[in-house]
Each structure stands twice: as structure tokens, then as C-alpha cells.
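Worksheet: one structure, shown below.
The values are calculated or read from the model by the stated rules, or taken from the named source; none is laboratory data. This one's a predicted model, so the numbers in the text were calculated from it and none came from an experiment. Ideal geometry is used to build each Cβ from the backbone, glycine not excepted, and the neighbour counts take in all protein chains shown. The area values use the complete protein model at the heavy-atom level, side chains included, leaving out ligands, DNA and RNA. Shrake-Rupley method; radii C 1.70, N 1.55, O 1.52, S 1.80 Å.
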Amino acid sequence: MSYESRGPAGLIALWKRWYRGDGELTDDSAMFAAALAALNLMGATLSVLWLLLAHEDHANEVVIVCATLAAYALGTFLVLGRRAKPWWMFQLSIALDTLVISVALVATGDPGSVYAFYYLWATLYAVCFFDARQIVLQAVWVCTAYATSLALIGERPVTALIAQWLLPMVTLLAAGTLVRVLTGRLRRTEARLRHDAGHDPLTGLPNRARFGARLEAMLATPGEQVAVVFIDLDHFKRVNDSLGHTVGDALLVEVAARLRGHAAPTTSLARFGGDEFLALIRTPEWEADARRLLHAFEQPVRVGGYEFAVTASLGVAAARPGEDAQTVIANADAAVYSAKHEGRAGAAIFDASMRAAVTDRLRLESDLRAALERDELRVAYQPIVALDDDAIVGAEALARWTHPTLGPIAPDVFIALAEETGLIHSLGERVLTTACRDAKRWVEEIPGFHVSVNLSPRQLTAADFMLRLERALARSDFPHARLLLEVTETTVLTHDARTRANLQAIGEAGIGLALDDFGTGHSSLAQLRSVNFDVIKLDRGFIVADRTPTGDAILAAVASIGTATGARVLAEGIETAEHRERVLRLGCGFGQGWNFGRPSAAADFEAVLCAHLGDSASSSNPSATARATASSRELTPSLR
């Protein structure tokens with residue numbers, strides 16, 4: 001440990017930085033050099049004043065002058081020296097100071113002289129900068145130096161000087177050691193609290209506030225080229241929703257480690273919050289350094305016994321003159337939105353047009369919130385049929401939103417937005433309530449008819465999910481056995497205790513469960529063992545695939561697996577008569593798709609019911625037709 005002095009100006013600058021608390025410049029070695037130099041120069045100056053003023057005649061002025069010159073020489077050496085000074089040199093300096101002061105104090109013969117205060121300062125100085133072992137050595141040296149001075153030049157009684165100064169100095173050192181230990185603990189506690197206040201406890205990276213402060217400092221530096229990279233993990237919510245927050249947290253820790261390993265030396269990382277990270281790049285090659293971070297996601301991540309192909313969307317924004325930290329970060333965030341819109345797993349560089357896209361998204365979020373409050377979302381129904389005779393046995397309820405100025409909004413857009421903002425709980429309850437109200441007459445009059453409603457994984461993590469479900473059923477007195485709730489494979493795969501409890505409560509309430517998009521996840525067979533499903537819906541990818549012997553064999557095998565579990569197998573995405581014949585031949589009993597009807601409003605769906613239920617389709621009351629022609633099969637014949 002060493003400190004390189006840069007003259008009087010450097011000494012003054014060091015003390016100014018210490019007063020402001022400028023972090024790394026306040027280490028003990030630097031402060032030792034600066035304080036020791038000041039101590040010697042100030043003590044020597046006071047010694048000169050003591051010599052010039054009236055003092056006792058018996059004082060040994062020659063010795064005092066020599067001590068004064070020695071103090072000046074030592075202080076000048078510490079101030080003017082330009083080479084790095086090792087720690088042992090500082091310890092030697094304070095030992096010399098102790099000897100000089102002891103000699104001078106004894107030479108004055110005056111316990112109340114300026115050297116008494118000089119002695120006090122040196123002792124306090126040792127307490128401040130020495131550890132416990134060094135303080136003990138300093139105490140021994142004080143006794144030795146003082147005793148030597150008394151033996152060589154002392155003229156007053158030894159017992160008197162020892163009682164007046166030596167014992168108090170040793171006592172001060174002992175007390176100072178205790179104070180040093182206590183203050184050291186306080187300093188370590190303060191340092192830990194300061195670190196915790198500026199760092200993320202999970203990943204150990206700086207947090208948003210610390211990153212913002214560092215960015216502001218960089219922006220205030222003239223000529224500094226700065227860019228911010230906003231890193232947003234793709235589909236991270238699926239991990240939390242399906243495997244729980246423990247696995248999700250472990251994944252975030254591993255991602256942080258990967259980013260550290262791929263960041264350039266001049267890049268500073270931080271965790272913005274959730275699954276979002278920040279990087280501060282301080283080189284002209286900021287674009288290349290930003291893309292370098294994408295390499296952190298090239299290899300799969302293994303945590304908690306699972307392997308994840310993690311990808312991330314990056315937004316890069318270079319700071320422009322006059323912009324503050326919040327503006328630069330917001331620009332990078334806007335670029336992330338563009339990267340996700342372009343397909344994710346890539347990087348986008350900010351331009352002004354991206355800010356408009358973010359503004360549009362915020363406006364759409366506000367409009368969706370208002371639409372839910374004004375009950376402007378509608379529910380459309382798509383028929384589900386028995387493939388052997390095309391009899392309608394149910395309907396899937398689908399949310400639809402027509403924006404007053406933008407027109408119809410794609411369900412993938414507004415449902416994803418609702419999940420991100422937490423509006424999915426209100427939206428899901430609204431769709432469920434409407435579907436139960438519209439389908440009440442259909443299930444009462446048509447034997448075996450059911451209505452199917454999709455559930456978001458986030459809905460199942462809510463503590464009040466079953467309360468919302470029972471409330472929606474009670475509003476229209478809808479029979480539990482005629483409701484079918486659809487969940488995805490990732491939902492069933494979850495280790496989240498609340499999701500598991502809600503899935504179990506659904507079955508105990510006599511409500512049907514359907515596994516949606518079967519065959520697209522990673523653990524379909526395990527899911528079939530863990531949850532009892534009434535219906536398995538094959539993903540449309542199996543249906544629209546090329547008709548090859550291999551493709552047919554896979555489809556038949558998947559259908560047979562579903563049938564073997566006791567569940568009804570329903571094929572989605574049947575768009576042509578050829579699709580219908582194929583899935584029926586390969587073992588699917590039920591189907592859904594445009595070949596049987598597109599999603600339509602409740603009134604239009606009744607017309608579809610009439611068209612599919614027999615010769616009397618022109619009847620205004622579809623239930624009359626249903627009694628005569630409805631299939632006797634039920635999609636959910638034996639619920640748990």
C-alpha cells in the first residue's frame with residue numbers, strides 16, 4: 001500500500017477530496033501521508049512560535065531548535081516527495097515524530113508547552129491510522145522514547161514527568177484502541193449499508209439508482225462518449241409462472257454472471273429490475289461492445305435441474321448533447337420494444353421513430369384499461385364439433401376488442417399487454433362472466449353442450465382466482481360441469497404452489513380442464529400424469545403439417561396417448577375438409593377450426609347452431625332444433 005505525493009497543491013486537493021468523501025481517494029495510506037505531513041509542518045511552526053515567545057529560562061533551546069528543524073524536514077519530505085512511498089515509511093515517520101516530540105517535551109521542562117499538545121496529536125494520530133497490533137507497538141515506543149529522553153536530557157524529577165505525561169499517553173493509547181475497534185465496526189457497517197443501497201441483493205450488480213448516478217456523472221464529463229444498452233430477457237415470465245420464483249431467481253443470477261463474462265472492460269453493468277439489465281458503454285466502439293453482450297445468450301443455461309435456451313432483446317441508445325440519464329435510459333428502453341417487435345433475440349439501435357412506438361404502446365395500455373372499465377370488450381364463440389357427424393358439442397369463448405380509432409386489435413397484442421400490466425385478471429373475469437351468461441341457455445337446452453374459456457398462467461397465480469371463478473359462475477347460475485377451462489403446457493409444468501392449488505381446486509369444483517396446444521411443450525407426458533385432463537387439444541401444427549407417413553404416425557401416436565389417459569382428443573386448426581378427414585382417420589374425435597365456423601358474436605353463433613343442428617335450422621329458437629338433432633355424446637362426459 002503506498003501513496004504518491006504531488007506537492008503542496010496535491011496535498012490540499014487530497015484533503016478537499018477527503019472532505020467531499022470521494023471514495024477511493026480516502027483510503028488509509030493516502031490519508032496517513034497527507035495528515036502526517038500536515039502534523040509535522042504545523043507542529044514545527046508552533047515550535048517556532050514557542051521559541052519566539054516568552055518561555056522558561058531552563059529550557060534547552062538548542063535541543064528544541066534541532067527538534068523543530070527535524071519536524072520541518074520530515075514534513076517537507078512527505079509533501080515534496082514524488083515517488084511512491086511504502087507503508088513502512090509512514091510507520092517509521094511516526095516513530096521518528098514520537099522520538100522528536102519526546103526529546104523536545106523533556107527539553108522544555110514544561111508539561112504545558114506546545115509540545116505537550118504536539119504529543120497529544122501524534123498519539124491520536126496513531127489511534128486513527130494504526131491497527132491494534134501497531135498501537136501496542138506504538139505504546140511501547142512512546143515509553144521507550146520518553147524514558148530515553150528523560151535519561152539523556154531530563155532536568156526535572158522523573159516521577160513528576162511520568163505522572164504528568166507518560167501515563168496519560170499510554171492510557172490514551174489503550175482507550176484509543178477500544179475506540180478504534182468500535183469505529184472500525186461502524187465504518188464496516190456503514191460501508192456495507194452503502195454497498196447494499198447501491199447494489200441489487202440478488203445478482204450483486206449495481207442497482208438502477210447507482211447506475212443512473214454513474215451515467216449522470218459520465219454525461220457531465222466533457223468529451224465523454226456514452227451509450228446505454230437496455231437488456232430484456234425474452235419470455236422470462238414463463239419461467240416464473242411455470243417453475244416458480246426460486247428457479248427464476250437462479251436463472252437471473254446465472255444471466256448476470258454471463259453478462260459479466262462477456263462485457264468489455266470499460267462496460268458497467270446494472271440490474272434495472274425484474275428481468276431487465278442495463279449496460280453503460282464508454283468507448284467510441286459502443287455499437288460493437290453492445291452486440292458483444294448478445295454472445296452471453298448463445299449457450300443454454302442450466303439451473304435448478306433445467307436447461308433453458310435463454311434469449312434477450314437489446315436496445316442501444318447513444319447519449320446526445322443535452323440529454324440526461326433518464327432520457328438516455330428511456331431511449332434504450334424504446335429500442336428494446338423495437339427489438340421485440342422485430343422478432344426478439346436481437347439488438348436495435350434507437351432512433352426518434354421508436355419513441356413514437358413506445359408512446360403508442362402506453363396509449364394502447366391506457367385505452368385497454370378504459371375499455372375494461374367501460375365494458376367495451378366483446379366475446380366471440382367458435383364451434384367445437386364431433387368429427388363423425390359434425391354435430392356441435394360446444395364453443396370456445398374468445399376475447400375481442402375493437403378500438404374506437406384503430407379498429408380491431410389482434411388478441412395476441414392486447415392479451416399480451418394485459419398480462420404485462422396485470423389487467424389480465426379483470427379481463428379474464430369479464431370474459432368468463434360474459435361466456436357463462438351467453439351460454440346459459442345453450443347448455444340448458446342442448447344436451448352435452450359446454451363452453452370453453454382460456455386461462456392465462458398469471459390468472460392461476462392469483463390468490464383470489466377461485467373467488468373470481470365462483471363469482472362469475474354464480475352471476476348466471478352456470479352449471480360447473482358445463483364449463484371447460486383451457487390451460488397451456490407451461491402452466492401445468494409450474495412448481496408454483498398457488499398455481500397447483502388452483503388447478504386442484506378447479507377439479508374439486510367439478511369444472512372441466514383442457515390441456516391446450518398439446519405437443520408444443522417440453523414435458524407433455526409428465527403433465528398428463530400430474531393433472532387429470534378431460535380434454536386434450538392438439539396443436540394446429542400437427543394438423544397443417546405436410547401429409548407424410550411420418551407426420552401421420554406422429555399425429556396418430558399423440559392422439560392415442562391422449563385417448564389412453566381417458567381424455568377426449570380435440571384437433572385445433574381444421575381449415576379444410578381434407579384436414580377433417582385426416583384427423584378423424586388418425587384418431588381424433590373432436591375438432592375446431594375455420595372449416596366449421598369462424599369466431600362470431602353470440603347472436604351469430606346461434607345462427608351457426610341452427611345451421612348445424614338439423615333440417616329446422618330456420619327456427620328462431622335453436623334449443624328446439626337441439627332437442628331433436630343434438631349428438632348424444634358429450635365432450636366432458638365424466639368430470640372428476
Legend entry - Whichever residue in segment 546-566 is assigned to a helix (DSSP H, G or I) and not hydrophobic (A, V, I, L, M, F, W, C) and, among such residues, is least open to solvent (accessible area, probe 1.4 Å): GLY562
Inset, instruction - Scan (1) at pLDDT 90 or above; (2) part of a helix (DSSP H, G or I); (3) touching a helix residue (DSSP H, G or I) at 6+ places or on another chain (Cβ under 7 Å); (4) within 17 Å of LEU455 (Cα to Cα) for the single condition LEU513 breaks and write down its number. - result: (2)
Inset, instruction - Go through segment 256-307 and count every residue that is surrounded by fewer than 16 Cβ atoms within 10 Å (Cβ to Cβ), modelled with pLDDT of 90 or more and hydrophobic (A, V, I, L, M, F, W, C). - result: 1
Legend entry - Flag if ILE543 is surrounded by 15 or more Cβ atoms within 10 Å (Cβ to Cβ) and touching a His at 6+ places or on another chain (Cβ under 6 Å): yes
Inset, instruction - Confirm whether ARG214 is in contact with a Gly (Cβ under 6 Å, 6 or more places away or on another chain), open to solvent by 20 Å² or more (accessible area, probe 1.4 Å), farther than 23 Å from ALA348 by Cα and among the charged types (D, E, K, R). - result: no
Inset, instruction - Give me a count of the residues in segment 583-640 that are at pLDDT below 90 and at positive phi. - result: 3
Legend entry - The lone exception for SER242 - which of (1) of a type outside the set (Asp, Glu); (2) at pLDDT below 90; (3) within 30 Å of ARG498 (Cα to Cα); (4) surrounded by fewer than 17 Cβ atoms within 10 Å (Cβ to Cβ) it fails: (4)
Inset, instruction - State all residues of segment 399-417 that are more than 16 Å from ARG361 (Cβ to Cβ) and open to solvent by 40 Å² or more (accessible area, probe 1.4 Å); if no residue qualifies, say none. - result: ARG400, THR402, PRO404, PRO408, PRO411
Legend entry - Search result, residues across segment 462-492 that are without any contact (Cβ under 8 Å) to a residue 24 or more places away in the chain and touching a His at 6+ places or on another chain (Cβ under 7 Å): none
Legend entry - Meets criteria (in a helix (DSSP H, G or I), open to solvent by less than 80 Å² (accessible area, probe 1.4 Å) and either touching a strand residue (DSSP E or B) at 6+ places or on another chain (Cβ under 9 Å) or modelled with pLDDT under 75 (or both)) for VAL228: no
Legend entry - Tally of residues being closer than 12 Å to ASP241 by Cβ and in contact (Cβ under 8 Å) with a residue 40 or more places away in the chain across segment 436-461: 5
Inset, instruction - Would you check if ASP360 is among the acidic types (Asp, Glu), assigned to a helix (DSSP H, G or I) and buried (at least 20 other Cβ atoms within 10 Å of the Cβ)? - result: no
Legend entry - Selection from segment 418-430 of residues that are assigned to a helix (DSSP H, G or I), surrounded by fewer than 20 Cβ atoms within 10 Å (Cβ to Cβ) and either modelled with pLDDT under 90 or among the hydrophobic types (A, V, I, L, M, F, W, C) (or both): GLU419, GLU420, THR421
Inset, instruction - Would you check if there is a residue in segment 439-450 being part of a strand (DSSP E or B) and modelled with pLDDT of 90 or more? - result: yes
Inset, instruction - Report, ordered by the first and then the second residue, all pairs with beta carbons closer than 7 Å, sequence separation of six or more or different chains, a first member in segment 572-596 that is more than 18 Å from LEU398 (Cα to Cα) and basic (Lys, Arg), and a second member that is open to solvent by less than 60 Å² (accessible area, probe 1.4 Å) and in a helix (DSSP H, G or I). - result: none
Legend entry - Residue satisfying all of: in segment 468-510; among the charged types (D, E, K, R) and at pLDDT 90 or above; farthest from LEU427 (Cα to Cα) among these: GLU508
Legend entry - Tally of residues being open to solvent by less than 50 Å² (accessible area, probe 1.4 Å) and either in contact (Cβ under 8 Å) with a residue 60 or more places away in the chain or not in a helix (DSSP H, G or I) (or both) across segment 319-338: 9
Inset, instruction - State yes or no: is ILE392 open to solvent by less than 50 Å² (accessible area, probe 1.4 Å), at pLDDT 90 or above, β-branched (Val, Ile, Thr) and part of a strand (DSSP E or B)? - result: yes
Legend entry - Condition met for ALA462 (over 17 Å from LEU398 (Cα atoms) and of a type in the set (A, V, I, L, M)): yes
